[in-house]
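Enquirer: Take this structure first; my questions come after.
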Amino acid sequence: MAADSHKMAQGSLGLPVNKNGEFLITLRNEPQHPETHNKWQVAGGGIEFGETPEQALAREMQEELSVSVRLLYPQPIAKTRVWRLNNGSYHILLLCYLVDIGIQTPKVDGEENLEYRWIKPADIHVLEYLPLTDDFIFEAETLIKRHNLLAKIS
C-alpha cells in the first residue's frame with residue numbers, strides 16, 4: 001500500500017459584503033470532486049509563488065467574479081483545515097478578506113463557479129456549503145458589527 005501523499009496549500013479568499021449586511025458566496029463547479037462540487041463557498045483560490053495574499057485576492061476575484069475589490073478590514077480571517085481526498089491529504093491555510101465591490105455586478109463563467117448569491121448570515125445553514133464557509137461568514141459578521149464596517153461600504 002502506497003503512503004498517503006501530504007501537501008500544503010495556501011489560499012486567499014474574498015468575502016464581499018453589501019450595505020444590507022449580505023455576503024456574496026459562489027457555487028463551486030468541480031464535477032471531478034463530488035465532495036466539493038455544487039457546494040457554496042467563499043470565492044478565491046491559491047496563492048501563486050511570489051504573490052502576496054492581497055495580490056492573490058485581487059487576481060482571484062477578477063478571474064472568478066470579474067470584479068475588483070477594496071479591503072474593508074486589513075486583517076484576514078485565518079482558518080486551516082486538512083482535506084483528505086482520493087489522491088492524498090492537503091493541509092490548507094485559508095486567508096479570508098472582507099471586501100467591498102461597490103456597485104459592480106459579478107459575473108461567473110461556469111468553469112470554476114456556476115452561480116453566485118447574496119445571503120444573510122442566517123441563510124447559510126439552508127444551503128450545502130464547503131467546510132469553513134459558515135465560520136468565515138459568522139466571524140465576518142462579528143467584525144462588521146464590532147468595527148462598524150457597513151458604514152465603509154461604497
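Every number in this text was worked out from the coordinates using simple rules, so none of it is lab data. Just so you know, these numbers come straight off a predicted model, no measurement behind them. Backbone-built Cβ (ideal geometry, glycine too); neighbour counts: all protein chains shown.
Enquirer: Can you return the aspartates and glutamates within cross-link range of residue 120? Criterion is Cα-Cα under 17 Å, with same-chain partners fewer than 8 residues away left out.
Expert: 22, 100, 128, 134, 135, 139, 141
Enquirer: OK, next. Round to the nearest 0.05 the FRET efficiency obtained for residue 59 and residue 7 when R0 = 22 Å and r is the Cβ-Cβ distance. Display every interim value, and only then the final one.
Expert: Working: r = 21 Å, r/R0 = 0.97.
My answer for the efficiency is 0.55.
Enquirer: If you don't mind, there's one more thing I want to ask. Could you give the angle, 0 to 90 degrees to the nearest 10, between helix 133-147's Cα long axis and the longest principal axis of the Cα atoms of the chain?
Expert: So the helix axis and the longest Cα principal axis differ by about 30 degrees.
Enquirer: Relative to the longest principal axis of the chain, what angle (0 to 90°, nearest 10) does the C-alpha long axis of helix 53-65 take?
Expert: The angle comes out near 90 degrees.
Enquirer: Oh, and also: Can you order the peptides 73-85, 124-136 by their average number of other Cβ atoms within 10 Å per residue, highest first?
Expert: Ranked by mean Cβ neighbours within 10 Å, highest first: 124-136, 73-85.
Enquirer: Quick one: among 12, 66, 89, which has the greatest mean-square fluctuation in a GNM of the chain with alpha-carbon springs under 10 angstrom?
Expert: 89
Enquirer: I would also like to ask the following. What is the extension gain from residue 49 to residue 122, computed as 0.36 nm multiplied by their sequence separation minus the C-alpha to C-alpha distance, in nm to one decimal?
Expert: 22.6 nm
Enquirer: Assuming R0 = 41 Å, what is the FRET efficiency of residue 32 and residue 75, from their Cβ-Cβ distance, to the nearest 0.05?
Expert: Values: r = 34 Å, r/R0 = 0.83.
It comes out at approximately 0.75.
Enquirer: For the stretch 1-118, compute the number of Lys pairs whose alpha carbons are separated by less than 20 Å, excluding pairs fewer than 8 positions apart on the same chain. Write down the numbers at each step before the final one.
Expert: Values: 7/79; 19/107; 39/79; 39/107.
The number of close lysine pairs in the stretch 1-118 is 4.
Enquirer: Also, I was wondering about something else. I need the phi-derived Karplus couplings for the stretch 95-102: 6.51 cos²θ - 1.76 cosθ + 1.60, θ = phi - 60°, integer Hz, Gly and Pro marked x.
Expert: After applying 6.51 cos²θ - 1.76 cosθ + 1.60, I find 10, 10, 9, 7, 10, 10, 10, x Hz.
Enquirer: List the residues of the stretch 27-51 whose backbone N lies under 19 Å from a point placed 7 Å from the Cα of residue 143 along the Cα-to-Cβ direction.
Expert: 41-47
Enquirer: In whole angstrom, how far apart do the alpha carbon centroids of the stretch 49-76 and the stretch 115-154 sit?
Expert: Cα centres, the stretch 49-76 to the stretch 115-154: 17 Å.
Enquirer: Show that you can apply the helix-only estimate: for the chain, add -39,500 (n - 2.57) for every DSSP H stretch of four or more residues, divide by all residues, and state [θ] at 222 nm to the nearest 500. Before the final figure, lay out the partial values.
Expert: Details: 2 runs with 28 residues, N = 154.
Helices in the chain give a 222 nm mean residue ellipticity of -6000 deg cm²/dmol.
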